[in-house]
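What follows is a single structure, written as structure tokens, with notes after it.
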Amino acid sequence: MTDVLVVTVMFRIVMQVLMVVKAVMFRIVMQVLVVVKAVMFRIVMQVLVVVKAVMFRIVMQVLVVVKAVMFRIVMQVLVVVKAVMFRIVMQVLVVVKAVMFRIVMQVLVVVKAVMFRIVMQVLVVVIVVVSFRL
């Protein structure tokens, strides 16, 4: 009977020790987890800061390259547009010059004909007047 009592008492003592050990271990593990969580959070934050800085630099370099490429493309397009516009303007000016030349020539022909008639009529009048005086 005493053996059973000793075993029962020993069992209860062991169970209480295990409960205390369990509680202490739980607190230790929880504190370790809190510390690990804080350390991991700081590490992750520092890694994110570094990643953000690296990504920012990469994006800025890509934007510089894109800007340079776009500038070259726009400049080449503007050169082509300028050349095309110059040719169009030159052709229009050639046509305008030809049309203006024809108009001026026709006006000069008409003016010459009218002046010739006026001069001829004046000469006829002068000849008639001079011949009547003589």
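Being part of a helix (DSSP H, G or I) and either exposed (fewer than 10 other Cβ atoms within 10 Å of the Cβ) or of a type in the set (Asp, Glu) (or both) narrows it down to one of Phe71, Phe86, Phe132, so name that one. Reasoning before the result, please.
On the way: Phe71 fails: either exposed (fewer than 10 other Cβ atoms within 10 Å of the Cβ) or of a type in the set (Asp, Glu) (or both); Phe86 fails: either exposed (fewer than 10 other Cβ atoms within 10 Å of the Cβ) or of a type in the set (Asp, Glu) (or both).
Unique residue meeting the criteria: Phe132.
Let's see how each residue does on (1) surrounded by 10 or more Cβ atoms within 10 Å (Cβ to Cβ); (2) β-branched (Val, Ile, Thr); (3) at pLDDT below 95; (4) assigned to a helix (DSSP H, G or I):
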position	(1), (2), (3), (4)
Val6	yes, yes, yes, yes
Met10	yes, no, yes, yes
Met19	yes, no, no, yes
Ala23	yes, no, no, yes
Val36	yes, yes, no, yes
Phe41	yes, no, no, yes
Ala53	yes, no, no, yes
Leu63	yes, no, no, yes
Val66	yes, yes, no, yes
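The values are calculated or read from the model by the stated rules, or taken from the named source; none is laboratory data. On a predicted model such as this, the values are computed, not experimentally measured, just so you know. Quick reminder, even Gly has a Cβ in these numbers, built from the backbone with ideal geometry, and neighbours come from all protein chains shown.
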